[in-house]
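Heads up: the structure comes next, in structure tokens.
The values are calculated or read from the model by the stated rules, or taken from the named source; none is laboratory data. Keep in mind the model is a prediction, meaning the values are calculated, not measured. Using ideal geometry, Cβ is built from the backbone for each residue, glycine included, and neighbour counts are taken over all protein chains shown. Calculation scope for accessible area: heavy atoms of the full protein, side chains included, ligands and nucleic acids excluded. Shrake-Rupley method; radii C 1.70, N 1.55, O 1.52, S 1.80 Å.
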Amino acid sequence: MGEIINAYEIAKAINLMKPNGQLFECRMIYNSKRMYSGYFRSSETLLSAFNDIDDFGNCNIYITLNDLMPQCYDRSQRDKFIRNSDATTSDNDVNGYDWLLVDLDPRRPTKTSSTDEQIEMARILCGRIMQFLDNVGFEKPIVGFSGNGYHLLYKLFMKCNTENKKLLEMCLKTLNMLFADDYIDVDMKNFNPSRICKLYGTRAQKGNDSQNAPHRMSYIMSIPEEIKFTDKKYLEKLVSYYPQEEKPQRYNNYRPREFNLQDWLDKYQISYQKTGYQGGDKYILDHCPFDSNHKGKDAVIFQSNDGRIGFNCFHNSCSDKRWRDVRLLYEPDAYEKRQMDYEKRIYAKSRVQKEYKKIQPKEGLPVFMTAQQILDTPKEEESFIRTGITDIDKKLRGLKIGAVSVLSGLRGSAKSTLLSEMVLECCNNGNKVGVFSGELSAKNFMRWLNLQAAGK
């Protein structure tokens, strides 16, 4: 047991990841179809339950990452391990997201351990990603060694819903796009709420324990002075680096998916090294288009399988540059020439003169009045009814007889009261008034009108 489990490291991991008695599930998964599951609230109870396990050979041990519903503790595997239990944690059992797990996993055949060389490459990439996310605005992570790769654990406080699930998925896709290479992947599956993580302080046992690819103990490598929550807005900022789809334009049936990025790079003699990532192609530029001092793997253009194109330079001075900026640098009219070509095409067409039927006058009278005839028309005599409201009567001369006056205003701005005052004034001056209300019944209208007529 001592070779497989380190009690001190397990206690440290549980206290950091599941503080204050937070509920978690622990799973022991064997190479065969055997699996043990248990729910616990402390490292002491978990370590005690390990004493009842006879065989730790060829098993890997994990814990749930996120906040579980308290009712899960009422399952039969409470404070103990049960073999092949009927119920383990599902997405529906999770209240919220506690952690974003960035898992850097070397590419290798399944059921095998990593080599020392692969571990070193994962370590270097881990440092690059951590620095990048620090620049984006992420808080400091817990850094863990899984036995075969490296983990970055960022503390979250997010509800478990479809929107946040999609956000975490896109965060991992973005990191994989930016950093994955032919040797190391960013695991893009760690976004679902019930995701499990290596229990630090246990041995990773995949494949044979060989000198070239040995089984290694997992452990937490570094802890920030204070574990702070990373605000959701910084996750959204990270996702903004993912290529956005250019919408097809109706005027010319432009189809972004048919844009040949490689031909475009060759046309403008932009030197690159092409490689792949899970989801598309990656063109690592010899130097950044905006600053030739940014070399190596600093500047990259991406094209996803669905045709989306993105650009990123890892230097802060170019962090705001996107694919559109790159294209405009070489093609200043790239997003205008299609419209210009379209306009030239449609305006160059000769217009066909249509024949119009002439309108014949009736009984010698013109069909339309000329402008002069309109000006010479005698002015009709105007009559007004005073509203009794001085400002309205002064500016509008009252309500014009034979015309429709429209009174508008916000809800609750006393329009009905004002109209009732006008009604009463008209009645007092001997005019007849008809009233229709779409809100008040006849009796209620008369009750309010009588109150206004009576005054204080």
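Between helix 116-136 and the chain, what is the angle of the helix's C-alpha long axis to the longest principal axis, kept within 0 to 90° and rounded to the nearest 10? With rounding to tens, the tilt is 30 degrees.
Normalising the Debye intensity of region 60-119 to I(0), with uniform scatterers on Cα atoms only, and taking log10 at q = 0.25 Å⁻¹ returns -1.09. Rolling a 1.4 Å probe over the protein heavy atoms gives the chain an accessible area of 61 Å² per residue.
Oblate is the label for region 42-162, because the ratio a/c of its alpha-carbon gyration tensor axes (a ≥ b ≥ c) is 1.5 or higher and a/b is not greater than b/c. Checking the table 267/297; 80/173; 206/233; 206/237; 237/282 against a 31 Å threshold on Cα-Cα, which pairs fail? Correct reply: 80/173; 206/233; 206/237. In region 149-251, the ratio of gyration radius to Kirkwood radius, Rg to Rh, stands at 1.06 when only Cα atoms are counted. Taking Cα atoms only, the orientation of helix 337-347 departs from the longest principal axis of the chain by about 30 degrees. Averaging 1/r over every pair of different alpha carbons in region 31-81 and inverting the result gives a Kirkwood radius of 12.1 Å.
Per q in 0.27 1/Å, what log10 I(q)/I(0) does a Debye calculation on the alpha-carbon atoms of region 1-65 return? Values, matching the q order: -1.36.
Per q in 0.11 1/Å, what log10 I(q)/I(0) does a Debye calculation on the alpha-carbon atoms of the chain return? Treating every Cα as an identical point scatterer, log10 I(q)/I(0) equals -0.92.
Checking the Cα-Cα distances for 18/321; 140/166; 415/443 against a 28 Å cut-off, the pairs over it are 18/321. Shown for the chain: the carbon plus sulfur share of the solvent-accessible area, taken with all protein chains present and a 1.4 angstrom probe, equals 49%.
A simple packing score, the average count of other Cβ atoms within 10 Å per residue, orders the peptides 33-44, 398-409, 196-207, 10-21 as 196-207, 33-44, 10-21, 398-409, with the highest score first.
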